[in-house]
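Below is one structure; the comments refer to it alone.
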Amino acid sequence: MMQGDESDATRHPGPDTAPDQVADSVAPARAPLPQQRTPADQPVEQAVTPAAAPATWVPPVLHPAAPPSAQTPWPPRPATSAEPVAPWPPVGPFPPRMGNTGQHPVIRPRTSAEHLQPMPGEPAQPGPFPAAPQQTGPFPAAPQQTGPFPAVSPQTGAFPAGPHLGVPSQAGPHMYPPPGQPQPPYQGPPYPPQQYPGFGGYQPYPPPAPPRRSRITGLRAALLVALALVLVTPPAAIAFETVRRERTAAGTAQGVDPGGKSPGETDGRPGASGTPKGSAPASVDGKVKRALTDQGAALLNGDAAGFVAAVDPSAGALREDLTRRFNSLRQLQVKVWEPTVLDAVKVAADNTADVIVYVKYCYVVTTCDPMNLETKTKWSVTGDRVSLLEFGVAEDLGPRPWERSELRVSVGKRVVMATTPKYASRLGTMLSAAEKAAELADRYAKWSTPPSRYVVYLAGPEEWSSWYGIKQESWVAGFALPLTADATEIVLNANRVDVKETLDVLRHEFTHVVTLATVERAYDQTWWLVEGIAEYVRVQGLGGRFDDVASVRKYVQSGRWKNEIAMDDPPEGTTSADVSGRYGVAYLAVNRMAERFGEEKMLEFFNRTARQGDALQDAAVKVYGVSWDDVATDCVKYVRNHI
């Protein structure tokens, strides 16, 4: 060890140092500290070397000692070491206590009288202090507890000695042996065997319970595609947002097919939804089914009185509500209405029955991809008659527009467009624009046939905040909502989308309808593709001229774009300017892939990633023959070169 290094060897005498050399060898030669200043009446006492210990404690030998011939002598200290090592444990006599940098004086404790005097530099204590007041009596006597008290039964028998912090019970007067004696072996009862998880011991913690899904994702958790209109920019500057909800099998578990099939349906043919006409049902279950079947028949035949015939006379508000629904559904030209009771009807003690009803319905034609809903109803059971007390709205994605509002409808060759009476004057012009948008979108229905009719609703402020139970961001102007894997409805905000913008908006939205048809999965990693291809088709309708370069330039130059192509949807609170920029980046990336590899390969890449869920790397190699890094780097350069 080099001179000046400080280690255990400098703090303790070594084993090769004699006891009488300890005092001279422990402290290295160092400059003493300056003498501390003390009060005149408090002289400093020098440390006194303690006397030698009368006896030496020897630790117990934990293993047999080796014979003298086999003992290995201590290695000699290096010649360069100036500080010998003392044996451990240390033996007396001990030198004066030393510090790391010199010897410290020993301070004598102050006496009680000296404590009353201030130290140098301390302010004098004020005084004298008044004596504390003495409390004088007499004091009230404490209340006496009176008996009789219950007798305490004596405890009998031999009681085991309790353990002490995990140590076995003490069996003798000495818990530990005297100094110099080895620790005796434990003589108490054996410890219980220790068991550990994985070896038949402690049970593992159960897995956490899965989170409960909200009702919005219950029967048929749906994809929600929304769009936003930036009004502070030219009318063509439109951005769109996608909010995804993964479809689940919860509906199937309750007898509801997310694809739109009724319970009991096979090969596209509906199952029976009620008792055949002519036979009088005897059970309450049969009576409820018959009433629902008669109600559906009245709707399809235009019989308003028959539609509300089952309503109980006491339910006047329900009669008015169902009459409004009847009129709106007739405006929508409903052609299919098939109610089905999901569970057996059970009558409660108050002679009422709660019944869950599943309904499948179509507009205009009987061969559509049907919409569906599940709702709760309540019936009164009196004698051999049942009457309707309540008929709820859709439990999933409800209320539907026709469940809540009086509607006015225009029906075209490819589009059904509906709104409230306040905005009915817009229907003719908007329907004409919607028909043109449908003609373009139909060309991109590569994976299934286009819908028989695109369904579009125009919502005023009151309807915008209530239809479908959907809460949108402040910049959203509309949304496309799949009710099943094959049936999608679109809602536009009447305060954000006017007649002139309808064509541009619906080109984008109808593209979502045809490119995402039959898809029942979320697209967490492909938002940019879902929106990019919808913008790609929209721009094709403009002749291929991208009309929102300014928004992309502003977004890229802001520094908030990190050269990322595979972006997720805009987080909550994103400004409308950044939303427009993100959609522009998504469009330019999709357009670049179409230019570089051709539109057909771009569509196949979309199919593998957004629709089927392939990883971007796998799809790029299979479709384009290059890595995804190559595709993404090229798209980043393309974006920056076009701003």
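Just name the residue that is most open to solvent (accessible area, probe 1.4 Å) out of those in region 539-574 that are of a type in the set (Asp, Glu) and free of Cβ contacts under 8 Å to residues at least 60 places away in the same chain. Give the steps one after another, and end with the answer.
Within region 539-574, the first condition is being of a type in the set (Asp, Glu), and the residues that meet it are 547-548, 564, 568-569, 572.
Keeping just the survivors that are free of Cβ contacts under 8 Å to residues at least 60 places away in the same chain gives 564, 568.
Working: 564: 91, 568: 66 Å².
Among them, the one singled out is 564.
Residue under question is residue 526, and the condition is that it be within 26 Å of residue 564 (Cα to Cα), among the hydroxyl-bearing types (Ser, Thr, Tyr) and touching a residue at least 40 places away in the same chain (Cβ under 8 Å); does it hold? Criteria met by residue 526.
Condition check ((1) under 17 Å from residue 290 (Cβ atoms); (2) touching a Phe, Trp or Tyr at 6+ places or on another chain (Cβ under 8 Å)) across all residues:
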| site | (1), (2) |
| --- | --- |
| 325 | no, yes |
| 328 | no, yes |
| 336 | no, yes |
| 340 | yes, yes |
| 347 | yes, no |
| 366 | no, no |
| 379 | yes, no |
| 392 | no, no |
| 414 | no, yes |
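For the structure I just gave you, tell me whether residue 468 is open to solvent by less than 60 Å² (accessible area, probe 1.4 Å), outside any helix (DSSP H, G or I) and within 27 Å of residue 367 (Cα to Cα). When the stated conditions are applied, residue 468 does not pass them. Within region 575-602, the residues that satisfy the criterion of being of a type outside the set (Lys, Arg), open to solvent by 10 Å² or more (accessible area, probe 1.4 Å) and farther than 18 Å from residue 548 by Cα are 594, 595, 597, 598, 599, 600.
For region 622-631, the condition of being surrounded by 16 or more Cβ atoms within 10 Å (Cβ to Cβ), more than 19 Å from residue 515 (Cβ to Cβ) and of a type in the set (A, V, I, L, M, F, W, C) holds for at least one residue. Restricting the first member to region 343-355 and to residues that are under 13 Å from residue 387 (Cα atoms), and the second to residues that are open to solvent by less than 100 Å² (accessible area, probe 1.4 Å) and among the basic types (Lys, Arg), the beta-carbon pairs closer than 8 Å and six or more apart or on different chains are 352/378; 353/378; 354/378; 355/378.
Restricting attention to region 315-330, the residues that are among the hydroxyl-bearing types (Ser, Thr, Tyr) and without any contact (Cβ under 8 Å) to a residue 24 or more places away in the chain add up to 1. For residue 532, the conditions (1) in a helix (DSSP H, G or I); (2) within 16 Å of residue 638 (Cα to Cα); (3) open to solvent by 10 Å² or more (accessible area, probe 1.4 Å) all hold with the exception of (3). The residue of region 445-462 that is nearest to residue 362 (Cα to Cα), among those that are surrounded by fewer than 21 Cβ atoms within 10 Å (Cβ to Cβ) and in contact with a helix residue (DSSP H, G or I) (Cβ under 7 Å, 6 or more places away or on another chain), is 450. Checked against the criterion of being within 15 Å of residue 530 (Cα to Cα), touching a residue at least 60 places away in the same chain (Cβ under 8 Å) and not aliphatic (A, V, I, L, M), region 613-635 contains one or more residues that satisfy it.
Inspect all residues belonging to region 567-587 and state whether any of them is of a type in the set (Lys, Arg) and more than 28 Å from residue 476 (Cα to Cα). No, every residue in region 567-587 fails to be of a type in the set (Lys, Arg) and more than 28 Å from residue 476 (Cα to Cα).
The values are calculated or read from the model by the stated rules, or taken from the named source; none is laboratory data. Source: prediction; values computed, not measured. All Cβ positions, glycine included, derive from the backbone under ideal geometry; neighbour counts span all protein chains shown. Remember, those area values only see protein heavy atoms, side chains included, never the ligands or the DNA or RNA. Shrake-Rupley method; radii C 1.70, N 1.55, O 1.52, S 1.80 Å.
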